[in-house]
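Peer 1: A single structure is presented below for examination.
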Amino acid sequence: MSEVLKFVFKGSRNYVHGTSLFNALEHAAEQRGLPEGKINVSFKKMIHNPLCTLEERMPNTDDSVAAKIISSDGVIIALCINEAADVGITVRQEFDEPEVCRGAVLGENSIVQENPHHQDRIELLVSLCKKMHQAFIDDTKKWVFSRYDGQFPIPSPHKVELRITKQVGTRLTCSDVLVNDKKIGDMYFS
């Protein structure tokens, strides 16, 4: 059984932002009785239709988004998101990434923000990670959020830090995600 999801496009993007998809997966897990645990989500294809379907099933190679979610008590579910057959109406919302990153301090292959002011936690992490990639690796490349493997929900942050730990040229990176000085997961950009 599939569930229809309607997304808005952020800023001038012509695709559904990975943070919107992440939040939808987190909400779906909560609806299924998994309010916390670990999530391993991969964004394999861009979604250009604001109308999508969410299915609880094992992923296949054609899926745009695939997630394995493990609750804190060991329950495992798999969720997939794909473009719907029908085309949705594009609705946009403002998204000011520089404002999200305001006050962040760049270090050596790292970025830190104390007392973050942006409320959407995955948007905060992704925006900071993108800024770090543009500063240290390549500011001409269109960096995209490709995977998150870690804790959900993301804890309420007093301090957020991301550190690039692995890098394959300008094709793929892995960064440690630390919230309140505790590692909660890995974030991949490509």
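The values are calculated or read from the model by the stated rules, or taken from the named source; none is laboratory data. Given the structure is predicted, the values throughout are model-derived calculations rather than measurements. When we count neighbours, we look across all protein chains shown, and the Cβ atoms used for this are built from the backbone with ideal geometry, even at glycine. Protein only, heavy atoms only, side chains kept; ligands, DNA and RNA dropped before computing areas. Shrake-Rupley method; radii C 1.70, N 1.55, O 1.52, S 1.80 Å.
Peer 1: Can you pull out every residue in the stretch 131-177 that is small (G, A, S) and without any contact (Cβ under 8 Å) to a residue 40 or more places away in the chain?
Peer 2: A135, S156, G169
Peer 1: Any chance you could count how many residues in the stretch 100-142 are charged (D, E, K, R), within 21 Å of F22 (Cα to Cα) and modelled with pLDDT of 95 or more?
Peer 2: Going through the stretch 100-142 one residue at a time, the tally reaches 5.
Peer 1: Only residues that are more than 17 Å from S190 (Cβ to Cβ), part of a loop (DSSP other than H, G, I, E, B) and open to solvent by less than 70 Å² (accessible area, probe 1.4 Å): list them for the stretch 39-50, please.
Peer 2: N49, P50
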